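The values are calculated or read from the model by the stated rules, or taken from the named source; none is laboratory data. Just so it is clear, the structure is predicted and the values come from calculations on it, not from any experiment. Using ideal geometry, Cβ is built from the backbone for each residue, glycine included, and neighbour counts are taken over all protein chains shown.
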Amino acid sequence: MTVIALVAVMIVLGKTLLRMPINVSGHAGVLWIAALVIGRGVVRRPWSATLMALIGGLLVAFMQPSSSGALLTVAKYVVPGMLLDGLTPLLGGRLDRIAPAVVAGAAAHAGKVVVDLVQGMIAHVPVSVLAVGLTASTALHIAFGALGGLLGALVLQGLIQARIPQLADLADADGTR
Amino acid sequence: MTDNGRVTRTMRTRLTIAAVTLALLAGVTAAWWFESHTPAPGAATGPGTSAASTTPTAPASSGVYSVKVTRDGRLLATFDLTQLEGLGMKQVVVQGRTEQGPTLLAVLEHAGVGSYTSVTIIGSGAKDAGRLVLDASDIGPDTVLDIAKRGTVKVAGPNITYAQRVRDITEIQVR
């Protein structure tokens with residue numbers, strides 16, 4: 001539970017601290033996607049990423065109320081969490097491996113784009129407006145999600161090498177020194 | 001785990017990586033197709049929305065971006081992009097960025113708003129809080145509705161921080 005709570009807080013921090021006025025879509029996702037990947041890698045339970053994302057999303061919704069309501073704000077984090085939970089077993093369950101983590105992070109962050117689109121439609125933003133910059137936004141979200149996955153994988157590798165209790169079996173399986 | 005089991009798991013992992021990668025590429029391609037086949041914002045305008053007209057009209061068609069001005073739930077005016085541009089463009093520099101668009105005061109004046117105590121800016125909320133309340137004293141001649149490249153407006157001004165800004169404005173509620 002400690003890890004889950006910690007990751008949830010990191011999601012909020014990633015949302016607030018890393019946000020820069022650089023007009024690059026999705027850049028803040030690097031940190032919270034990395035946090036989700038790390039959390040899912042450490043807490044190897046079926047719905048752990050979804051739970052972390054739910055708690056993080058609720059914190060964000062509470063601290064930064066949005067005109068579109070808490071549900072959509074939370075969905076922006078829960079949907080990536082669910083994607084991560086769904087993909088992790090199919091990717092061998094090892095998010096400390098670079099390729100699976102990068103792919104999982106990219107797919108998870110791409111899910112946020114879908115929620116953003118739904119949010120725009122609910123707010124009656126014309127489709128013509130939603131379409132502007134959609135390609136770049138999608139590509140950037142995927143890229144930053146991949147970067148977050150990579151970062152998460154590298155941290156997990158370090159944690160495995162450090163033989164933290166939750167990952168000791170992975171260290172043994174890898175024959176890690 | 002047996003060697004066969006390990007091989008199966010490895011194959012499944014690789015297949016999943018390939019499938020997800022293809023899916024993501026397909027997603028980007030779909031986004032590109034959608035963006036390139038959707039008319040630009042403001043391309044479809046209804047009657048009475050000529051470039052020379054600044055008179056607010058009845059609610060625009062669902063495919064055209066517009067900003068409503070309301071008071072106590074009553075619609076005062078609707079402005080599409082052309083009409084907003086017709087109110088006069090002002091340039092202000094906020095947080096090192098140049099913002100350009102009609103002033104909020106001009107929008108309120110053309111909507112027939114007399115006295116007011118506060119204004120609530122409502123946006124889609126997709127990339128920000130989507131809501132900002134401004135007291136009358138916060139609204140000055142440098143508070144503008146910046147016309148963004150994506151064809152929507154966002155509120156900007158010296159009293160509005162980056163975190164407070166509302167993009168894709170859909171409604172201005174006057175109190």
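Against the criterion of being under 18 Å from the mean Cα position of the chain (by Cα), within 14 Å of chain A (Cβ to nearest Cβ), of a type in the set (S, T, Y) and surrounded by fewer than 16 Cβ atoms within 10 Å (Cβ to Cβ), B:T120 does not qualify.
State whether one or more residues within segment A:162-176 are buried (at least 22 other Cβ atoms within 10 Å of the Cβ), in contact with a helix residue (DSSP H, G or I) (Cβ under 7 Å, 6 or more places away or on another chain) and of a type in the set (V, I, T). Checking segment A:162-176: not a single residue is buried (at least 22 other Cβ atoms within 10 Å of the Cβ), in contact with a helix residue (DSSP H, G or I) (Cβ under 7 Å, 6 or more places away or on another chain) and of a type in the set (V, I, T). A count restricted to segment A:59-82 and to residues that are under 29 Å from B:Q164 (Cα atoms) and touching a helix residue (DSSP H, G or I) at 6+ places or on another chain (Cβ under 6 Å) stands at 16.
Within segment B:1-27, the set of residues being exposed (fewer than 13 other Cβ atoms within 10 Å of the Cβ), modelled with pLDDT under 85, of a type outside the set (V, I, T) and assigned to a helix (DSSP H, G or I) comprises B:D3, B:N4, B:G5, B:R6.
In the set (1) under 26 Å from B:K149 (Cβ atoms); (2) touching a residue at least 40 places away in the same chain (Cβ under 8 Å), A:G111 fails one condition alone, (2). Within segment B:143-160, one or more residues are buried (at least 23 other Cβ atoms within 10 Å of the Cβ), closer than 15 Å to B:T78 by Cα and at the interface with chain A (Cβ under 9 Å from one of its Cβ atoms). Suppose the filter is in a helix (DSSP H, G or I) and surrounded by fewer than 22 Cβ atoms within 10 Å (Cβ to Cβ); does B:E109 pass it? Yes; evaluated as a whole, the condition is true for this residue. Of all residues in segment A:79-92, those satisfying the criterion of being surrounded by fewer than 23 Cβ atoms within 10 Å (Cβ to Cβ) and away from chain B (no Cβ under 12 Å) are A:V79, A:M82, A:D85.
Among the residues making up segment A:93-113, those that are under 13 Å from B:A23 (Cβ atoms) and either more than 9 Å from chain B (Cβ to nearest Cβ) or in contact with a Pro (Cβ under 7 Å, 6 or more places away or on another chain) (or both) are A:A108, A:G111.
Cβ separations smaller than 7 Å between residues 6+ apart or across chains give the following pairs from segment A:43-69 residues that are more than 11 Å from chain B (Cβ to nearest Cβ) to residues that are among the basic types (K, R) and part of a helix (DSSP H, G or I): A:S48/A:R40; A:A49/A:R40; A:G57/A:K76.
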